[in-house]
Amino acid sequence: MQKVTTLKKALMHRLLLVLLAMLTAGLAWAGPEDDALEAYLRKDYAEVLKIVKPAALKGEAWAQGGLADAYRNGEGVKQDYAEAVKWYRLAAEQGNLSAQNSLGIMYYNGQGVVQDYVEAVKWYRLAAQQGYSWAQNNLGSMYTIGKGVMQDYAESVKWYRLAAQQGYSWAQYNLGFRYANGEGVAQDYVEAVKWYRLAAQQGNENAQNNLGFMYHNGLGVVQNYVKAHSWFNLSAASGVAMAVENRDGLAKLMTPQQIADAQKLARDCQARHFKGCD
């Protein structure tokens, strides 16, 4: 499956995304931007607003995007999607990549505006064409599901690949899914495993489940129940219901020693924050 809507985990670090957008655009952060970020990470939303709002009123795009985030998430202010859209638009029209992507998400979800997939695509594309990986993934997903554009798996693969090559885990997962199912590319289980693994090693729970599936069934890898169980277990720990079913079903085919080995493998992998896990 593809990921189009806002990622809940990413929302917890929205100002980090604004920072990424500024860096992508080749701009440096200093002074109030750093202070706002530090306050946000402390969850001192009142301080964030104290810093961001005056700068937003002066027309600074980074601050307009930050103020929009506050209204969208109800952080330090009453949640107000229409007000969020207003500030996202002001920042987006100045070329702020994060704001362009966020405005696209608002149109996709119909938050503060009438739902409009064509308009969502417009804003995703503006940010995607400038290399913003989250927007590239979102644009790829629009081509996958055929909303706002004609369905085109090959075009979706193009955008997923651009984002995946930048290390964006949801794009890596989506690209792996396309290879596993032969959508927009020739079916290639080895390539699917490659992209699932890259996403899984970043903690992407859906990729972890799918990588477990590949090991379970020997698709693109040598069949290995211990590794499959380990990945299912890691995905299940993040709340993926299908991974729980997959893990428990696989356990019926395994010996107690194999299960113990798999559990140890999962613990060790988690302790390394998934880095280098196979």
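The values are calculated or read from the model by the stated rules, or taken from the named source; none is laboratory data. Not measured: the values here are computed from a predicted model. All Cβ positions, even for glycine, are placed from backbone atoms using ideal geometry, and neighbour counts span all protein chains on display. Keep in mind that these areas ignore ligands, DNA and RNA; they rest on the heavy atoms of the full protein, side chains included. Shrake-Rupley method; radii C 1.70, N 1.55, O 1.52, S 1.80 Å.
General observations
- Taken over segment 158-168, the criterion of being in a helix (DSSP H, G or I) and either touching a strand residue (DSSP E or B) at 6+ places or on another chain (Cβ under 7 Å) or open to solvent by 10 Å² or more (accessible area, probe 1.4 Å) (or both) is satisfied by K158, W159, R161, L162.
- Test: residue in segment 173-188 that is farther than 22 Å from R161 by Cα and basic (K, R): no
- Which numbered condition V48 fails, given (1) within 29 Å of W195 (Cα to Cα); (2) open to solvent by less than 30 Å² (accessible area, probe 1.4 Å): (1)
Residue by residue, here is whether (1) open to solvent by 70 Å² or more (accessible area, probe 1.4 Å); (2) farther than 28 Å from G182 by Cα holds:
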residue: A199; (1), (2): no, no
residue: Q202; (1), (2): yes, no
residue: E205; (1), (2): no, no
residue: S235; (1), (2): no, no
residue: S238; (1), (2): no, no
residue: M242; (1), (2): yes, no
residue: Q258; (1), (2): no, yes
residue: Q270; (1), (2): yes, yes
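- Output for segment 264-278, where each listed residue is within 13 Å of N233 (Cα to Cα) and among the charged types (D, E, K, R): K264, R267, D268
- One residue alone among N217, N246 is closer than 23 Å to R178 by Cα, surrounded by 17 or more Cβ atoms within 10 Å (Cβ to Cβ) and of a type outside the set (S, T, Y), and that residue is N246.
- Residue count for segment 253-278, restricted to those that are under 15 Å from Y215 (Cβ atoms) and hydroxyl-bearing (S, T, Y): 0.
- All positions within segment 171-184 that are open to solvent by 30 Å² or more (accessible area, probe 1.4 Å) and not polar (S, T, N, Q): F177, G182, E183, G184
- Pairs with Cβ under 6 Å, 6+ apart, first in segment 91-113 and under 16 Å from L67 (Cβ atoms), second part of a helix (DSSP H, G or I) and among the polar types (S, T, N, Q): A91/Q64; A92/Q100
- Selection status of V149, more than 27 Å from W123 (Cβ to Cβ) and either open to solvent by 20 Å² or more (accessible area, probe 1.4 Å) or in contact with a His (Cβ under 9 Å, 6 or more places away or on another chain) (or both): no
- Residue match in segment 105-126 (condition: farther than 19 Å from A92 by Cβ and open to solvent by 30 Å² or more (accessible area, probe 1.4 Å)): no
- Residues of segment 180-207 satisfying the condition of being within 20 Å of the chain's Cα centre (by Cα) and among the β-branched types (V, I, T): V193
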